[in-house]
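Let me begin by presenting the structure, written as structure tokens, before commenting on it.
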Amino acid sequence: MNTHVSCRPVRTTCPYCGVGCGVLATPTADGGLAIKGDPDHPANFGRLCVKGMALGETVGPAGRLLSPRVSGRQVEWNEALDLVARRFSEAIEKHGPDAVAFYVSGQLLTEDYYVANKLMKGFIGSANIDTNSRLCMASSVAGHRRAFGSDTVPGRYEDLEEADCVVLVGSNLAWCHPVLFQRLARAREVQGTKVIVIDPRRTATCEIADLHLRVRPGADAAIFNLLLAEAERRGLTANASVDGMEEALTTARQTDAAMTGLSADELDRFIDLWCASDKVVTVYSQGINQSDSGTDKVNTILNCHMATGRIGRPGMGPFSVTGQPNAMGGREVGGLANMLACHLDIDDPVHRQAVQQFWNSPRMPHAPGLKAVDMFRAVEDGQIKALWIICTNPAMSMPDADRVARAIAGCDFVVVSDIMARTDTTRLADVLLPATGWGEKDGTVTNSERRISRQRPTLVPVGQARHDWRILSEVAQRMGWHDAFSWSHPSEIFGEYAALSGVAGQLGSDFDISDCATINRSDYDSMTPFIWPRAGTRQGKRFFGEGTYHTPTGRGRMVPVVPRLPQPATTDVAFQLNTGRVRDHWHSMTRTGASPRLSRHSAEPCLEIHPSDAESLGLSPASLARVSTPRGEVVLRILTTDCVAPGQPFAPIHWSDQTASSGRVNGLTPAMVDHLSGQPALKSTNVSITAFEAKWYGYAVSRHSIDPNCEYWVAARLAGGYQAELAGLSVPLDWTEAGQRLFGIDRKPIIVRDDKRGTIRLAFVEEDRLIAALFVSADPVAVSRSHLADSLLKDIDATLLAGRPAADRQDEGATICACTGIGINRLIAAITTQKLLTVDEVGEALGAGANCGSCRPEIKALMLRLLTDA
Ligand SMILES: Nc1nc2c(c(=O)[nH]1)N[C@H]1C(S)=C(S)[C@@H](COP(=O)(O)OP(=O)(O)OC[C@H]3O[C@@H](n4cnc5c(=O)[nH]c(N)nc54)[C@H](O)[C@@H]3O)O[C@H]1N2
Ligand SMILES: Nc1nc2c(c(=O)[nH]1)N[C@H]1C(S)=C(S)[C@@H](COP(=O)(O)OP(=O)(O)OC[C@H]3O[C@@H](n4cnc5c(=O)[nH]c(N)nc54)[C@H](O)[C@@H]3O)O[C@H]1N2
Ligand code: SF4
Ligand SMILES: [Mo]
């Protein structure tokens, strides 16, 4: 169990999304953490979303990797580190520096990232270090560099509050950047900001939209081309400080509006609103970046802002919001295979030499290294002999993930550093190294608005876990580079990095934080969040507002873009599968999956599909479907909804082999990339869908973990236990035995059969307490999940086998407010009987939506639905 470092609240930063909220974490007597938003942090001013609020539930020792392992055997650190250093050195000696690779993560701290980059680029002498940001931010990076001459995000959060119009394109801000969304929603309430959402799906973000454009998937570039041409016609581009305007305009004028799938009226409204608002911010995210023409799409957005001068001043600008807590820090520190540290250019010999000199390093690569998709291809081809994966789970998050998993499994030597013992990737490692996790780690991160904040430790590392920077340094030292990796505290690494940024600044880089170069440990410890460049330093406060860019001419570069649509679906593969995130889970769920609170909102991977598609496929709601491509297959629960358009189903990315029998959607996606950025197209995969012919469906709850061995299962945490959704292709001969095996229990269950309805219910009871229960039915099991979950905590009552609460007890239904556990049924009852009219009134009456606010868009949508149904 974790023990305390201190009992006072510690100021730290949330480890999830790129909003980068400040957190006050106070160790509790039971070794956990009490969590509150930091009222003084300028990203969130005290607010936290439900994921941040639940951090205390995710820091326990359960499932953590506690000691180094070699081929599954627990070993001492020295043995593991010696082995890693030796195998990397041998591979380099025999096959050259490009025979090894690091695949790292935007969830590393800047200090970790700096050390990994220094080791690979400066000392091993290869640029084969790439990061999961390739799957996330690479198209934005490439677009920025083309347009601005540097990867600089000019926006700030307050711009969303100061704008007259905010466009959210390919961004589900309500679920993926919830606190920033709340800031926007508040500004809209106060000053009537116009909000436009461009997304083929109707998402929770649309709850605050004045206009929702259901763009044809992939057609965004066409919209921004049409906008550019019209802005010019209206005389808005007269004072642009750009090169290449004519070419961009000529191409833009040729755009066929029909391509967007939108009506002339919708397009007019969008263009009118955008052109009428001097202060306009265009926020974009994965619906733009994750495309095989993502960089071009980014540039169509940047074109509009640069051409109209709507950039770099309060309330205006293009704003690529970063996904991971340190996606931005990783870009600054040069974590991508085609970048050097501090926004320097790996293709520029002067830059390379300056960095080499600063590092006093033996060698430097002369060219960019392998980008993620190519890196795993090189692993597959046997070109990479030693691979180190740190803080990311590529066997589930890379496109064509099964192929990536096979490539990793076939690699000569694979090291994985993770905080958890079992993930889809750790199971493929030769050497497993236990890293410290959030709450234990110590360093800095940069959020979407370029604000550098501290993550501070509150807990003592579990087991033998070590910091990622330290593990990397210890390997580097064993490879013979003692002095260059001899830090004893992250403040020393940060200081060195800041000093390097001064060298970069001399070469014209905008990333210059050299005022921190002499930082000492106590200043580092008391560092308050700051946006670079700091006011008063050489660079001033805002980028590009004066019309000066980082290009050789000092003018912005417009890029002509011919919009391209993804490959259309065919009769064989009739559906374009969209993928993305759910509200309360984070990526492969290694952390959020541990929290009962976060597991309530979506406990199962669902295929959101239009009712007309489901009907034509003969799929009834809540049944199961096989979704397949030539690469693989997943089985998902059918959720019929008109939030998705016909032909465009949506599936979440979060389920891995650890949490579901076959929920890993990247088994389906192709490794097709944008040729400029190397970012894969993860948002549109042509798939076919057929019924999964389940002979039985089951739902299980248990105080102890559940061990399913049927064809379909999805497991989740509950308060006080576990649950599993189940289904099988053949019916077990003996349900008692099947139940006993499922729960690992020998005793006999109470069994209730209803042959007419085809249902069987088993309850395992111990001294009047429910230990486990299994509900089986020929159709999707219709029992109240929330009631059964609650009954785990309470004494069994006679209603249990009915699977729903007694008449005098409320059945919550699906959880909406994860903080209070309030479900849809209680909300409906309260809204209708108490005649509640606003989300705030619901908050006052029930408490729902009044805490972290993550569920406010859903409560609002529910109220609207009740109003229209009434
Ligand atoms: N709850 C939660 N929050 C997260 C994360 C998480 O795992 N869980 N992860 C974080 C990370 S790393 C990232 S990168 C961000 C991602 O944040 P977002 O990019 O906002 O999230 P996604 O759900 O991936 O996709 C956004 C939207 O793009 C839409 N889209 C798909 N195709 C198109 C298209 O052709 N055009 C347009 N305009 N839209 C399209 C999808 O329908 C989806 O609603 O979220 C961060 N925040
Ligand atoms: N189809 C589809 N695929 C996608 C996306 C999509 O929208 N659609 N989105 C893509 C995007 S934007 C992203 S960012 C990726 C994310 O994909 P991944 O980065 O692969 O997902 P995570 O689950 O966050 O993996 C992080 C791993 O690091 C471990 N970890 C956590 N903290 C630490 C630490 O401090 N140190 C170490 N060493 N390990 C730690 C966790 O246990 C976990 O195993 O997925 C991408 N894949
Ligand atoms: S919005 Fe939520 S997940 Fe993102 S940093 Fe803030 S609390 Fe964490
Ligand atoms: Mo991401």
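The values are calculated or read from the model by the stated rules, or taken from the named source; none is laboratory data. Everything numeric in this text was worked out from a predicted model, so none of it was measured. Cβ: placed from backbone, ideal geometry, glycine included. Neighbour counts: every protein chain shown. Side chains are part of the model used for accessible areas, which takes the heavy atoms of the whole protein and leaves out ligands, DNA and RNA. Shrake-Rupley method; radii C 1.70, N 1.55, O 1.52, S 1.80 Å.
Within the range 96-147, how many residues are farther than 29 Å from Arg456 by Cα, assigned to a loop (DSSP other than H, G, I, E, B) and not polar (S, T, N, Q)?
Number satisfying all stated conditions: 3.
Considering Leu184, Leu211, Leu236, Leu227, which residue is touching a residue at least 40 places away in the same chain (Cβ under 8 Å) and under 27 Å from the mean Cα position of the chain (by Cα)?
Matching residue, one of Leu184, Leu211, Leu236, Leu227: Leu211.
Criterion first (of a type in the set (D, E, K, R), within 16 Å of ligand 3 (Cβ to nearest atom), at pLDDT 95 or above and open to solvent by 20 Å² or more (accessible area, probe 1.4 Å)) does Arg456 satisfy it?
Yes.
Which of (1) at pLDDT below 95; (2) touching a Cys at 6+ places or on another chain (Cβ under 9 Å); (3) of a type outside the set (D, E, K, R) does Pro318 not meet, given it meets every other one?
The failed condition is (1).
Quick one: what pairs do we get from the range 570-584, first residue closer than 18 Å to Pro857 by Cα and open to solvent by 20 Å² or more (accessible area, probe 1.4 Å), second part of a loop (DSSP other than H, G, I, E, B) and within 9 Å of ligand 2 (Cβ to nearest atom), C-beta under 7 Å, 6+ apart or different chains?
Arg581/Ile653
Of the residues Leu729, Leu718, only one is farther than 30 Å from Gly294 by Cα, surrounded by fewer than 19 Cβ atoms within 10 Å (Cβ to Cβ) and not charged (D, E, K, R); which?
Checking each option against the conditions leaves just Leu729.
Which residues, taken from the range 423-438, are under 29 Å from Gly20 (Cβ atoms) and either part of a helix (DSSP H, G or I) or away from ligand 1 (no atom under 16 Å from the Cβ) (or both)?
Thr425, Thr426, Leu433, Pro434, Ala435, Thr436, Gly437
Within the group Ala405, Ala409, which residue is free of Cβ contacts under 8 Å to residues at least 24 places away in the same chain, open to solvent by 30 Å² or more (accessible area, probe 1.4 Å) and not in a loop (DSSP other than H, G, I, E, B)?
Selected residue: Ala409, the only one of Ala405, Ala409 that is free of Cβ contacts under 8 Å to residues at least 24 places away in the same chain, open to solvent by 30 Å² or more (accessible area, probe 1.4 Å) and not in a loop (DSSP other than H, G, I, E, B).
Restricting to the range 441-489, give me the number of residues that are assigned to a strand (DSSP E or B) and of a type outside the set (A, V, I, L, M).
Of the residues in that region, 8 qualify.
For the structure I just gave you, tell me whether Ala231 is in contact with a strand residue (DSSP E or B) (Cβ under 9 Å, 6 or more places away or on another chain), assigned to a helix (DSSP H, G or I), over 25 Å from Ala651 (Cβ atoms) and modelled with pLDDT of 95 or more.
In short, no.
I'd like to verify a number: residues in the range 650-665 that are assigned to a loop (DSSP other than H, G, I, E, B) and open to solvent by less than 10 Å² (accessible area, probe 1.4 Å), how many?
The number of residues fulfilling the criteria is 4.
Yes or no: Phe544 buried (at least 20 other Cβ atoms within 10 Å of the Cβ) and either aromatic (Phe, Trp, Tyr) or in contact with a Cys (Cβ under 6 Å, 6 or more places away or on another chain) (or both)?
yes
A quick yes/no check of all residues on (1) within 16 Å of ligand 1 (Cβ to nearest atom); (2) free of Cβ contacts under 8 Å to residues at least 12 places away in the same chain; (3) basic (Lys, Arg):
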position: Cys14; (1), (2), (3): yes, no, no
position: Asp38; (1), (2), (3): no, no, no
position: His41; (1), (2), (3): no, no, no
position: Ser67; (1), (2), (3): no, no, no
position: Gly72; (1), (2), (3): no, yes, no
position: Asp82; (1), (2), (3): no, no, no
position: Glu93; (1), (2), (3): no, yes, no
position: Asp98; (1), (2), (3): no, no, no
position: Phe102; (1), (2), (3): no, no, no
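Taking the range 568-611 only, how many residues are in a loop (DSSP other than H, G, I, E, B) and within 16 Å of ligand 2 (Cβ to nearest atom)?
The number of residues fulfilling the criteria is 16.
Kindly check whether there is at least one residue in the range 45-58 that is away from ligand 4 (no atom under 16 Å from the Cβ), among the hydrophobic types (A, V, I, L, M, F, W, C) and open to solvent by 20 Å² or more (accessible area, probe 1.4 Å).
Checked against the condition, which is being away from ligand 4 (no atom under 16 Å from the Cβ), among the hydrophobic types (A, V, I, L, M, F, W, C) and open to solvent by 20 Å² or more (accessible area, probe 1.4 Å), the range 45-58 yields at least one hit.
In the list Asp292, Asp278, which residue meets the criterion of being more than 23 Å from the chain's Cα centre (by Cα), part of a loop (DSSP other than H, G, I, E, B) and more than 16 Å from ligand 3 (Cβ to nearest atom)?
Criteria check complete, one pass: Asp278.
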